[in-house]
Amino acid sequence: MKFAQCLKGVILASGVMFAGAAMAEGDAAIGEKIYQRALGSGCGKCHDSASNPNLFESVKKLSRDEFKTVMEKGRAGMPPILAAGVMNLPFVKSANLTEDQAVDALIAYLKKGK
């Protein structure tokens, strides 16, 4: 009996870990779409040039909250993009993502790398 309960626990834990990994992959896929389509032309239009911060590097240096704040309020020459640019994307709306989920998806993509 104890072996069966232990085996159920292992199977349940494995399923939870697999589901978490699958959700992280899904987050990165949505994050990639956000990166490519935010503000119509995508984040890379500005951030892939040498004169602007590389987001793939910035995500390593900024905390999640700092990153979200930059998206919310903008910084230097960057406009605020979270409310007007990201949350208005059709696939973000249709997925009913919250701002936090959209930020987390973008961060997941950036941490994964190109």
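Since every read-out is calculated from the coordinates, none of them should be taken as a lab result. These numbers were taken from a predicted model, which means no experiment stands behind them. Here the Cβ is made from the backbone with ideal geometry for all residues, glycine too, and neighbour counts use every protein chain on show.
Tabulated data
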{"read-out": "Vicinal HN-Hα couplings computed from phi for region 35-47 (Karplus, 6.51 cos²θ - 1.76 cosθ + 1.60; Hz; Gly/Pro x)", "value": "4, 7, 10, 4, 6, x, 10, x, 4, x, 3, 9, 7"}
{"read-out": "Whole-Hz couplings from phi, Karplus 6.51/-1.76/1.60, listed for region 69-76; x for Gly and Pro", "value": "4, 5, 5, 6, 10, x, 6, 6"}
{"read-out": "Sequence ranges 77-86, 28-37, ranked by mean other-Cβ count within 10 angstrom, highest first", "value": "28-37, 77-86"}
